Amino acid sequence: MTPLIEGRGLTRRFTRGLDVAEKLARALGANIREEVVHAVEGVDIAIRQGEVFGLVGESGCGKSTLGRVLAGILPPTDGELLWRGRDVAGLSRADRLEMRLAVQMIFQDPMSSLNPRKRVIDLIGEAPRVHGLVRAGEVDDYVASLMQRVGLDPAYRRRYPHQFSGGQRQRIGIARALAVRPKLIVCDESVSALDVSIQAQVINLFMDLREELDLTYLFISHDLGVVKHISDRVGIMYLGRVVETAGADDFFAAPNHPYTVALLKELPSVKDRRRDFTPIRGEIPSPLDPPPGCAFHPRCPRAMPVCSADLPALKPVAAAHWSACHLNDMPALRPASETAA
Amino acid sequence: MVAVLQVEGLQTWFGTKDAPVRAVDGVSFSVARGEILGLVGESGSGKSITGFSILGLVDPPGRVVGGRVLFQGQELVGAPPETLRRIRGKKIAMIFQDPMMTLNPVLSIETQMVEAVLAHDDTPRAEARARARDALGLVGIPSPEERLGAYPHQFSGGMRQRVAIAIALLHKPDLIIADEPTTALDVTIQSQILFEVRRLADAFGMALVWISHDLGVVASLADRVAVMYAGRIVESGGVDDILDRPAHPYTRGLLDALPATARRGERLRPIPGMAPAPTARPSGCAFRTRCFAAGPDCAAAEPEPTRAGERQWRCFHPLAEAAA
């Protein structure tokens, strides 16, 4: 089956150009280069119709940038983006508009994504009206039905965002995304800022909407607990690359990559009391200057000489389970053998 | 056992006399030497204001209107500013969620740390500098000698929080109040910080009040837990009692809402509704409008604390599992 959306070798770099003084200095022989942030490097990703794909990783790993590239907000520096099997770069204007509407994004902080000077009715109703999905006279009813669907009282549709609580504002963001009848929703840390009890309400709403409207989600989060609950498949990123991807059950039960293993072990749980922490050393390196070979090798407890020389490829290690680790090339040292023991 | 910190009926209100906002409304707890107390609650429950009130850090219009804060037997509520100044940073230290609340962005780490040492101790500068360096090493900052000269913006978020903790440790305080210190950090960095904090608390016998909304973090760190809702501690006790056999329906609700407790794909069980605004709390028990166990008696009066061994709760209908 053709995936709903697919990225092949997706790469996104951010370049800071030189200012006048630096250009002058370089002309005079100083060793100054442009600074390039390697946010996303050669990512292959495919999301199938109807599934929830969880994308996890720590701050600065490039998961939000990848989400924005897939949502069509940021053009990729390199690589192909395919929508229903067709290259987005080659789409006609009309088809590209259709794809833009079909992929919607919900952000972490609704206060910075909702215009504070607009009323809820305009925040939710403007896009479908402009794109001709509803007639001007029907906007009021349309917005009311959307608000009802996401659990907001339609009587509040003439209010401003600041008159709502954090959880309600996130519901406004969800209603706004739904207003243009999307197929794929990219949720970027959409429940991370919410209190536990409110977070559970919003997660339930996401799952209900998925069934009612046949939605597909790319669910980006640093919270492994939430991702474990909601996802069908999971991918984990480290310094711009996907290092492991698998079905959710497999991912959490039999992680392969040493980074995944370490991250899952450090996840605080209410079941572990006064436990010993065995943190992985160091911090995520700067994407300005990624280490050679496997980017995780400076922190990896099982690093070998080859790890600092060659970049490991993402290879299958089990059914529908891919991992990028040199240990998999040495059967005696398979990383999974440690977790199984 | 003598408590390092004893808080009794603490009330911190905001707003005007006619319409007070009761952010903290009768909070009582105590922390013993070497003990880690997890103070848990959702946004707006008053947990941070409780922490600020202990150190007299609440800014007007907020004010402590009632209750006592006894630190090693000494009353801190209404104590003269000079007394509080001698205790803050020396005997009681505070760590904030955002380390930039502690650090001055335009001064080097060395300047700030040496100043913190000299604020309380009359030592030669070189010795103060050595203490600063040792404190940085203690919290796991590599090559502390060189890092002393760096400025806060040259550190990552996790390293900045380590510096803030190092400053808190400079005087080997008897009590540390930590307000969501790892909330903004990644899992691996959070784990590193929790590891260091646990090690240091054990080594120095410090008492620790760890304020957090994250039950997972509190479970893995704390000896005892106090759960706050709407300005009050609704339940407190040993970490196993509270998390395995909660007495208060609110604690049960928080635990049930965690994604980890449901199976994948199953619906989560959130607490219905949302926390009431502090100006519009229901009569009687503030949680009754969201509570599955509430009866008519819950609206009539506020539940007083019920004691059972080491734990206590404020509820007319405590869950049966707590008694077992």
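Here are a few things to note about the model shown:
- When Rg and the Kirkwood Rh are both derived from Cα coordinates, the Rg/Rh ratio for chain B amounts to 0.99.
- A quarter of the convex hull surface defined by the alpha-carbon atoms of the range A:209-279 gives 5.9 nm² as the mean projection.
- Shielding by partners for peptide A:260-272, expressed as the average number of C-beta atoms from other protein chains within 10 Å of each residue's C-beta, is 6.
- Relative contact order of chain A, taken over Cα pairs closer than 8 Å and 6 or more residues apart, is 20 percent.
- Helices in the protein assembly as shown, meaning DSSP H runs of at least 4 residues, each add -39500 (n - 2.57). Divided by all residues, the mean residue ellipticity at 222 nm is -9000 deg cm²/dmol.
- Paramagnetic reach from residue A:13 in the range A:34-65 [backbone N under 15 Å; point 7 Å along Cα→Cβ]: A:34-43
- Within the protein assembly as shown, the proportion of Cα pairs with more than 36 Å between them is 47 percent.
- By other beta-carbon atoms within 10 Å, ranking A:13, B:232, B:125, B:311 with the fewest at the front produces B:125, A:13, B:311, B:232.
- Couplings 3J(HN,Hα) of the range B:40-57, computed from phi: 10, x, 8, 3, x, 7, x, 5, 5, 5, 4, x, 5, 5, 4, 8, x, 9 Hz, in residue order, whole Hz [Karplus 6.51 cos²θ - 1.76 cosθ + 1.60, θ = phi - 60°; x for Gly and Pro].
- With Cα atoms, 0 to 90° folded angle of helix B:157-169 axis to chain B main axis: 80 degrees
- Residues B:94, B:101, sorted so that the one with the fewest Cβ neighbours within 10 Å comes first: B:101, B:94
- Whole-Å distance, taken between Cα centres, linking the range B:62-106 and the range A:48-92: 49 Å
- On Cα atoms only, tilt of B:187-204 relative to the major axis of chain B in degrees: 80 degrees
- Percent RCO, i.e. relative contact order, over the range B:99-170, from Cα pairs under 8 Å lying at least 6 residues apart: 45 percent
- Cβ-based exposure ranking for B:35, B:310, A:41, in which fewest neighbours within 10 Å come first: B:310, B:35, A:41
- Beta-bridge orientation, chain A: approximately 60 percent antiparallel, per DSSP, counting only bridges with both partners inside.
- Distance violations [Cα-Cα > 23 Å] among A:228/A:271; A:118/B:47; B:17/B:90; A:63/A:271; A:63/A:265; A:23/A:63: A:118/B:47; B:17/B:90; A:63/A:271; A:23/A:63
- Residue mean of other protein chain beta carbons inside 10 Å, B:240-246: 1
- The Stokes-Einstein estimate for the range B:239-324, based on a Kirkwood radius over Cα pairs and taken at 20 °C with 1.002 mPa s viscosity, is a diffusion coefficient of 152 µm²/s.
- Angle of helix A:196-213 to the longest C-alpha principal axis of chain A, folded into 0 to 90 degrees and rounded to 10: 70°.
- Taking a ≥ b ≥ c as the square roots of the eigenvalues of the Cα gyration tensor, an a/c ratio of 1.5 or more together with a/b larger than b/c marks the range B:91-238 as prolate.
- Charge sum, other residues only, whose C-beta stays under 12 Å from residue B:68's C-beta, Lys/Arg counted +1 and Asp/Glu -1: -2
- Stokes-Einstein D for the range B:1-89, Kirkwood Rh over Cα pairs, 4 °C, 1.567 mPa s (µm²/s): 95 µm²/s
- Debye log10 I(q)/I(0) at q = 0.19, 0.25 Å⁻¹ for the range B:99-170, Cα point scatterers: -0.65, -1.15
- Prolate/oblate/rounded label for chain A (Cα gyration tensor, a/c 1.5): prolate
- Couplings 3J(HN,Hα) of the range B:239-244, computed from phi: 4, 5, 4, 5, 8, 9 Hz, in residue order, whole Hz [Karplus 6.51 cos²θ - 1.76 cosθ + 1.60, θ = phi - 60°; x for Gly and Pro].
- Mean separation of Cα contacts under 8 Å (6+ apart) over length of the range B:27-145, as relative contact order %: 12 percent
- Extended-chain gain in nm, criterion 0.36 nm per residue less alpha-carbon gap, residue B:299 and residue B:100: 67.3 nm
- Within a Gaussian network of chain B (alpha carbon springs, distance under 10 Å), most fluctuating of B:237, B:67, B:78: B:78
- Between residue A:27 and residue A:319, the simple label model (points 7 Å from Cα in the Cβ direction) yields a spacing of 6.5 nm.
- For residue A:55, the amide hydrogen comes within under 5 Å of the amide hydrogens of A:219, A:220, A:221, A:235, counting only partners 5 or more places away or on other chains and with H modelled in the peptide plane.
- For the peptide B:213-221, the mean number of other protein chain Cβ atoms found within 10 angstrom of a residue's Cβ is 5.
- Mean projection area, nm², convex hull over Cα of the range A:264-310: 4.3 nm²
- Burial order of peptide ranges B:142-150, A:232-240, A:96-104 (average beta-carbon count within 10 Å, highest first): A:232-240, A:96-104, B:142-150
- Span from the the range A:107-139 Cα centroid across to the the range B:107-171 one, whole angstrom: 50 Å
A short reminder: the numbers here are calculations on the coordinates, not readings from a lab. Computed from a predicted model, the values in this text were never measured in an experiment. Counting neighbours? That spans all protein chains shown, and the Cβs are built from the backbone with ideal geometry, glycine included.
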